[in-house]
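*Asks:* I have a structure here, written as structure tokens, and I will follow up with some questions on it.
The values are calculated or read from the model by the stated rules, or taken from the named source; none is laboratory data. None of the values given here were measured: they were computed from a predicted structure. All Cβ positions, even for glycine, are placed from backbone atoms using ideal geometry, and neighbour counts span all protein chains on display. Heavy atoms of the whole protein, side chains included, go into the accessibility calculation; ligands, DNA and RNA do not. Shrake-Rupley method; radii C 1.70, N 1.55, O 1.52, S 1.80 Å.
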Amino acid sequence: MQLIYEKSIPGRSGVKLPASDVPTAGALPSALLRKESAGLPEISELDAVRHFTNLSRRNFSVDTNFYPLGSCTMKYNAKVLENSAALFAPFHPMTALLPGGEEFCQGTMGMLHELGGILAEITGMDEVTTQPLAGAHGEMTGVLLIAAYHAAKGNRAKKRYVVVPDSSHGTNPASAAIAGYEIITIPTAPYGDMDLELFKKAMNDEVAAVMMTCPNTLGLFNPHIKEIADIAHSHDALMYYDGANLNAIMGKVKPGDVGFDVIHVNLHKTFGTPHGGGGPGSGPVGVKKALIPFLPTPRIVKSDNGKLSLQTSNKGNIGRTANFFGNFGVMAKAYAYIIMLGKEGLIQVSEQAVLNANYIKAKLKDWYDLPYDMTCMHECVFSASKQAAQGVHAIDIAKFLIDRGYHPPTVYFPMIVKEAIMIEPTETESKATMDAFIEVMIEAARQAESDPGSFAAMPVTMPVTRLDETKAAREQNVCCLE
Ligand SMILES: *Cc1c(COP(=O)(O)O)cnc(C)c1O
């Protein structure tokens, strides 16, 4: 495929601007003038539209096909939500920080303040910062808040460890390490959650926090949370909740009510805003009262008369974690999503997400191994070990699905399951879509029995066939595709 620059024809143009009918405002200083032409492609509007539309058709998206990528919540995002972000487009995000800006920005600050309040209510926290730009960024912010909390008590040097179960999302230990902590990893017990006895043995007064992905990456909700929180608190360790996949529990349990002190949520997973390809995301962080003094600034505060203002002093808190107030457009969409669904709607989201995952689990468990056969939450984790014995691995099943028009589930994650196939259908898929997917998964299992050799060439319907996965990730070259 040609680059758009290669399609350029000198003199061709997409638009014709009329001659200026207003006086020019004076010449730009010559130092600011271009020395050479910008070399932009000269192309008609129709050719440009065809070029980009054809490129987009080589991409895979939720808007084109079912996308059951575990732990990513690739659900359908209602297009009407884009309008709410567009409403705020005329406002520059720095305006509130200008002299007199607070007065002018009561509406935009009000939306952020209200969104923070709603998220605090949903998660059982006392205040929320919307600054972090992604889930992992929220984790780092949360762990820095925990570090600031211990530092204020004179315990920063003593509190050296963060405890993380091996069933947590990989970003958890990475974020804690970036924030300066050493990691203690706790293995998973046969019941599918952090081994409680090993956890008790590992806990000591040098632990700063226990970070838990809930539900964990096996899609299971830990039944011992209250006990774990009590043990952590008895050592003055804080409890961190990775709430990226809050569509598993929203409206059912508030993490703040069962002992968690800090949480991040992914607006771009749970709250109806698109993601993928690196962003934009938003990972607001909620905290209990004791941590409010350390929240990033500027912080939006409401006075008794309802006026909003900005607390900008960063004395004693962790300062800024992102420019402006974070990814404002994502927050506008998430706010609209929450208002649109209301309390009952959000509860229904969780119920449907969990029901869909359990439906797929029940329908496929006769065909694929299910290492932890329990009621799951928003996703279920199979193993292709039965198929691997025939020489057909999880990656081969993934390629089979590509040929049949499905985005593959997450494979080889979580790493504690051999040949893992992690399926997250999300709440927005119909039974008919899931049934069609289940049929294809069963077909793959049958073919693995009858013709295991056939998988090696897959995918056969794509512009490229089997790639060296590592090389493809490191040396991306999407333009060479004919
Ligand atoms: C996606 C995810 C994250 C990371 O979120 P990003 O926005 O991709 O940084 C963290 N934890 C869990 C459980 C996730 O599913």
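*Asks:* I'd like the full set of residues that are in a loop (DSSP other than H, G, I, E, B) and surrounded by fewer than 18 Cβ atoms within 10 Å (Cβ to Cβ), limited to segment 372-389.
*Replies:* Once the filter is applied, which keeps residues that are in a loop (DSSP other than H, G, I, E, B) and surrounded by fewer than 18 Cβ atoms within 10 Å (Cβ to Cβ), segment 372-389 yields D373, M374, T375, A389.
*Asks:* Let me ask something else about it. Which pairs do you get when a residue that is touching a residue at least 40 places away in the same chain (Cβ under 8 Å) and in the same structural domain as I442 (by TED's automatic domain parsing), found in segment 353-364, comes within reach of a residue that is polar (S, T, N, Q) and open to solvent by 20 Å² or more (accessible area, probe 1.4 Å), reach meaning Cβ atoms under 6 angstrom, with the pair 6+ apart or on two chains?
*Replies:* none
*Asks:* Do you know which of the residues in segment 277-301 that are near the ligand (Cβ under 10 Å from one of its atoms) and open to solvent by less than 40 Å² (accessible area, probe 1.4 Å) is farthest from M111 (Cα to Cα)?
*Replies:* That would be G279.
*Asks:* So C214 clears everything in (1) modelled with pLDDT of 95 or more; (2) among the hydrophobic types (A, V, I, L, M, F, W, C); (3) buried (at least 22 other Cβ atoms within 10 Å of the Cβ) except one condition, right? Which one?
*Replies:* All conditions pass for C214, except number (1).
*Asks:* Follow-up question, since we're still on this one. Can you run down the residue pairs with Cβ atoms below 9 Å, 6 or more apart or on separate chains, where the first is in segment 131-150 and free of Cβ contacts under 8 Å to residues at least 24 places away in the same chain and the partner is open to solvent by 10 Å² or more (accessible area, probe 1.4 Å) and near the ligand (Cβ under 8 Å from one of its atoms)?
*Replies:* none
*Asks:* Might you check whether a residue that is in a helix (DSSP H, G or I) and closer than 16 Å to G251 by Cβ occurs anywhere in segment 316-329?
*Replies:* no
*Asks:* Could you tell me whether K289 is under 29 Å from M211 (Cβ atoms) and either touching an Asp or Glu at 6+ places or on another chain (Cβ under 6 Å) or hydroxyl-bearing (S, T, Y) (or both)?
*Replies:* Yes, satisfied.
*Asks:* Filter segment 71-80 for residues that are hydrophobic (A, V, I, L, M, F, W, C) and surrounded by fewer than 21 Cβ atoms within 10 Å (Cβ to Cβ); which is nearest to the ligand (Cβ to nearest atom)?
*Replies:* So, considering only residues that are hydrophobic (A, V, I, L, M, F, W, C) and surrounded by fewer than 21 Cβ atoms within 10 Å (Cβ to Cβ), the one nearest to the ligand (Cβ to nearest atom) is A78.
*Asks:* Working only within segment 394-445, note down all residues that are in contact (Cβ under 8 Å) with a residue 60 or more places away in the chain, farther than 21 Å from L370 by Cα and assigned to a helix (DSSP H, G or I).
*Replies:* Across segment 394-445, the qualifying residues are I402, K431, T433.
*Asks:* Can you name every residue in segment 119-155 that is open to solvent by 40 Å² or more (accessible area, probe 1.4 Å), part of a loop (DSSP other than H, G, I, E, B) and within 16 Å of the ligand (Cβ to nearest atom)?
*Replies:* The one that is open to solvent by 40 Å² or more (accessible area, probe 1.4 Å), part of a loop (DSSP other than H, G, I, E, B) and within 16 Å of the ligand (Cβ to nearest atom): L133.
*Asks:* Can you name every residue in segment 181-203 that is open to solvent by less than 50 Å² (accessible area, probe 1.4 Å) and either touching a helix residue (DSSP H, G or I) at 6+ places or on another chain (Cβ under 9 Å) or part of a loop (DSSP other than H, G, I, E, B) (or both)?
*Replies:* Of everything in segment 181-203, those that are open to solvent by less than 50 Å² (accessible area, probe 1.4 Å) and either touching a helix residue (DSSP H, G or I) at 6+ places or on another chain (Cβ under 9 Å) or part of a loop (DSSP other than H, G, I, E, B) (or both) turn out to be Y181, I184, I186, A189, G192, D193, M194, D195, L196, F199, M203.
*Asks:* Just a yes or no: is a residue in segment 156-170 open to solvent by 30 Å² or more (accessible area, probe 1.4 Å) and part of a helix (DSSP H, G or I)?
*Replies:* Checked against the condition, which is being open to solvent by 30 Å² or more (accessible area, probe 1.4 Å) and part of a helix (DSSP H, G or I), segment 156-170 yields no hits at all.
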